[in-house]
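Please read through the structure below; I'll follow up with questions.
Values quoted throughout were computed directly from the atomic coordinates according to the rules given, and no laboratory measurement underlies them. Please read all numbers here as calculations on a predicted model, not as lab measurements. Please note: Cβ atoms are built from the backbone with ideal geometry, for glycine as well, and neighbour counts cover all protein chains shown.
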Amino acid sequence: MSSSEPSSAAGEPTWQQNGRPAAAAPTPSWVTLGLATATAVAVGVLVVGAGAETGRPSLAGLAAVGAELVILLVYGGSTIRGRRALLRGRAAAELEAQSSHNQLQKLIDNTAAVIYMKRIDNGRYLLVNREWERLFKVGREQVIDLTDHGVFPQELADQLRDNDLWTARQARTVQFEETAQTDQGPRTYVSVKFPVLDGNSEPYAVCGISTDITEWKQAEAQARRLAAELETRVRNRTAELEASNRELDAFAYTVSHDLRAPLRSLHGFSQALLDDYLEQLDETGREYLSRLQANVARMGHMIDDLLNLSRSTRVELVRRDVDLSEMAHEVAAEVAAAEPDRQVHLVVQDGLHTHADPQLLRLLLYNLISNAWKFTSRSRQPVVEVARRERHGQVLFVVQDSGAGFDMRYADKLFNAFQRLHPAAEFEGTGIGLAIVARIVHRHGGRIFAEALPDQGASFYFSLEGQMSEQPDGHTQPTLVGAT
Amino acid sequence: MTALPSAETLTRGAPSDGTILLVEDSPDDVMLTQRALRKNNICNRVVVATDGEQAINYLLPREGRPLAPELILLDINLPKVSGLEVLRTIRGDERTRYLAVVVLTTSNEERDIVSSYNLGANSYVRKPVEFDNFLEAVRVLGLYWLLVNQTATYARTPAE
């Protein structure tokens, strides 16, 4: 909205008076007519006066007066004619001004914004629009002589006045957030204010356009409240999760300590029976003790695997650059040492590197490689290979064996804890190893799948990097209004 | 080899008497450990402390000279004073600082292993479930710590 320019040097804009026509101001035609009349009369008086001085009215004087009158009449006639024309022009101009003013008034009356103009010197209202009238229940005729202090409570009026004066000092458009009490309760406005200048480029008024942002503010407050609530909920959830993690940790610790201890006793004392009372036991008795020991050992392994499963979830993931080739060699050596009688051909591709948690990666490799070792136990020429290969357009690591393989129909059960695809009599195992592997892969944000055929070996493909591990950068805060 | 500092600046720890201090609260484990030692022909005297307090009182008695076992087999989960506290006390006292301490426990939790080494354990061994494996572990421990290894019996005083 453009500011109105004052129509005269006196600094009184015509349309600022709220629809009332401008008060009659001296115009050039009247000034001329007035001056002419005054001159003519003065001349006549002087001439008459001059005649009176001599005691008798001189002819010359009369003639002069007559001449003057003629001039006056002639001039008067022409002036009247001119004036009529001028009046006609002025009326048109006034009409035009009036219609333009009406258009302007209509425009500002038919907007949802609150529009007003106040004098800077005394703070009096010069103009308000219909929305202003509707909100503050004051008609434009009454408000003209009022200041904010006549409309609003003291405190608000002081603040509004301060804002107006500040705007005048800034000599540019500025923006405020203002609150006013209406019959709909307190409303919040974003007010754009600008100084209105007179002919000397001096600010004489401040015009304001206020937009109701109450709903916006409420929505914003609501959003803020929801965000805070969400944050609280997340915090509580995290605390719960941490508590349950601590419980899990305590449980795992207890399992590690307290469940293994009785197993040690079972195994140790059954061994003592075998060692010290061998002669008192027959073949069957010794076999029973052996079975007992085998089961105790199996339970020990299950507890260890369960611990590893829980560990693969609860330990903090710390990524480092890992030489996967080297680690595979180490793990394979460890696995091979447990079965020194077996000959397995190990092929590890050189230069395999990744960025992963070394502790977890070792656990992963241990489970995959010991699996491969186990399932090649019946192969004539067992081969276990660790390599990098492209699969489905992705470069993946693979642990491949030439062993028993499995039926792909059951592949979906492979990575669940306690799921076994082979009878325990054929291949020992707790059924937890691949669950540990899958968990470690998922914690790294990678993926894992297997390809196999019965008796033709199995390949376990995995990646250790994905989107999950990457934290999104800081998010932007929503802003309420743009700067002016 | 550098020469030992003069006797005045040293606190003399008790001379080792070849004793093994077994700090273990489970009677079954005590029996099995003793059995494993015997099976490996390790005939050193075994003193058993069934909690951490007993172990500290044995090593650092209020009266008399402190005792210096040849080897301490220390469990972590102990009543009253934990194994890690016992270890801290042993390493904190100049009279026992250089004793050979092998943590022999059920746990293979990383934090226990790390804490043990941080507090100055000489070795950390997890007790295997299978007795034959335990037997082997005890054999190796006995061979190394009682025969191969040379322990220091002198400790510097804090004044030095």
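Would you mind pulling out the separation of the Cα centroids of segment A:312-344 and segment B:74-143, in Å?
25 Å
For A:Phe251, A:Phe269, what ranking results if the residue with the fewest other Cβ atoms within 10 Å of its Cβ goes first?
Numbers: A:Phe251 12, A:Phe269 17.
Placing the least packed residue first, the sequence is A:Phe251, A:Phe269.
Another question, then. Using the alpha carbon gyration tensor of segment A:111-212, what are the three equivalent-ellipsoid semi-axes (square root of 5 times each eigenvalue), largest first, in whole Å? Walk me through the numbers before you get to the answer.
Working: eigenvalues 85, 43, 32 Å².
Rounded to whole Å, the semi-axes are 21, 15, 13.
Can you give the extra length, in nm with one decimal, that the chain gains between A:Arg319 and A:Glu428 once fully stretched, where that is 0.36 nm per residue apart less the Cα-Cα distance?
On the way: separation 109, 0.36 × 109 = 39.24 nm, distance 3.25 nm.
The span from A:Arg319 to A:Glu428 would gain 36.0 nm if fully extended.
What are the residues whose amide H is under 5 Å from the amide H of A:Leu126, where those residues sit 5 or more places off or on another chain and H is modelled from the backbone?
The list, which skips near neighbours in sequence, is A:Met117, A:Lys118, A:Arg119.
For the residue pair A:Gln394 and A:Gln159, what label-to-label distance in nm results when each label sits 7 Å from Cα along the Cα-to-beta-carbon direction?
Roughly 5.7 nm, to one decimal.
What order do you get for B:24-36, B:66-78, A:173-185, A:151-163 when each peptide is scored by the mean count of other beta carbon atoms within 10 Å, highest first? Kindly include the intermediate steps, with their values, before the conclusion.
Values: B:24-36: 19.0, B:66-78: 23.6, A:173-185: 13.6, A:151-163: 15.2.
Highest mean packing first, the order is B:66-78, B:24-36, A:151-163, A:173-185.
Specify, per residue and in Å³, the volume enclosed by the convex hull of the alpha carbon atoms belonging to segment A:187-331.
On the way: hull volume 33.3 nm³, N = 145.
Expressed per residue, the convex hull around the Cα atoms of segment A:187-331 is 230 Å³.
A further question on this structure: Need the list of aspartates and glutamates near A:Lys217 for cross-linking: C-alpha distance under 14 angstrom, and skip anything on the same chain fewer than eight residues off.
A:Glu177, A:Glu178
Further question on the same structure: Evaluate E = 1/(1 + (r/R0)^6) for A:Gln456 and A:Glu326, where r is the Cβ-Cβ distance and R0 equals 35 Å; express this FRET efficiency to the nearest 0.05.
Numbers: r = 29 Å, r/R0 = 0.84.
FRET efficiency, A:Gln456 to A:Glu326: 0.75.
Is there a simple number for the mean count of other chain Cβ atoms within 10 Å of the Cβ of residues in B:28-38, and what is it? Numbers along the way, then the final one.
Working: counts 7, 4, 0, 4, 7, 1, 0, 6, 1, 0, 0.
Shielding by partners across B:28-38 averages 3.
Hey, what's the Cα Rg ratio for segment A:322-406 versus the globular rule of thumb, 2.2 N^0.38 Å? Mind showing how you got there, number by number?
Working: Rg = 12.7 Å, N = 85, 2.2 N^0.38 = 11.9 Å.
Scaled against compact globular proteins, the figure is 1.07.
When Cβ neighbours within 10 Å are restricted to other protein chains, what is their mean count per residue of peptide A:248-257?
Values: counts 0, 2, 0, 0, 1, 5, 1, 1, 8, 8.
Neighbouring Cβ atoms belonging to other protein chains average 3 per residue here.
I need the Debye-formula profile for segment A:317-470: one equal scatterer per C-alpha, no solvent, reported as log10 I(q)/I(0) at q = 0.09, 0.16 1/Å, two decimals.
-0.26, -0.86
Here's a follow-up. To the nearest whole number, what is the average tally of beta carbon atoms from other chains within 10 Å of the beta carbons of peptide B:103-109? List each step's numbers first, then the result.
Working: counts 0, 0, 2, 9, 5, 6, 7.
Shielding by partners across B:103-109 averages 4.
Take the Cα radius of gyration of segment B:11-149 and divide it by 2.2 N^0.38 Å, with N its residue count; two decimals is plenty.
Working: Rg = 13.9 Å, N = 139, 2.2 N^0.38 = 14.3 Å.
After normalising by residue count via 2.2 N^0.38 Å, the value is 0.97.
What order, most packed first, do the peptides A:271-282, A:186-197 have when packing is the mean number of other Cβ atoms within 10 Å of each residue?
Working: A:271-282: 12.6, A:186-197: 19.6.
Packing order, densest peptide first, comes out as A:186-197, A:271-282.
Using the scaling law 2.2 N^0.38 Å as the reference, what is the normalised Cα Rg of segment B:15-65?
Values: Rg = 12.1 Å, N = 51, 2.2 N^0.38 = 9.8 Å.
That works out to 1.24 for segment B:15-65.
Quick check: net charge around A:Arg342, other residues with Cβ under 15 Å of its Cβ, Lys/Arg +1 and Asp/Glu -1? Mind dumping the intermediate values first?
On the way: positive: A:Lys374, A:Arg378, A:Arg380; negative: A:Glu334, A:Glu339, A:Asp341, A:Asp401, A:Glu428.
Local net charge: -2.
What distance in nm separates the simple spin-label points at A:Arg172 and B:Met31, each placed 7 Å from Cα in the Cβ direction?
Taking the two extended label points, one gets 9.2 nm.
Using R₀ = 60 Å, calculate the FRET efficiency as 1/(1 + (r/R₀)^6) where r is the Cβ-Cβ separation of A:Arg235 and A:Ala91; round to 0.05. Before the final figure, lay out each step's value.
Working: r = 75 Å, r/R0 = 1.25.
Efficiency, rounded to the nearest 0.05: 0.20.
Among the lysines, which have Cα under 27 Å from the Cα of B:Lys127 when same-chain residues fewer than 8 positions away are ignored?
List returned: A:Lys374, B:Lys39, B:Lys80.
Then there's this: In whole Hz, what ³J(HN,Hα) sequence does segment A:162-170 give by Karplus (6.51, -1.76, 1.60; θ = phi - 60°), x for Gly and Pro?
Once rounded to whole Hz, the list reads 4, 4, 4, 5, 5, 4, 4, 5, 5.
Could you rank the peptides A:428-439, A:339-350 by their average count of other C-beta atoms within 10 Å per residue, with the highest value first?
A:428-439, A:339-350
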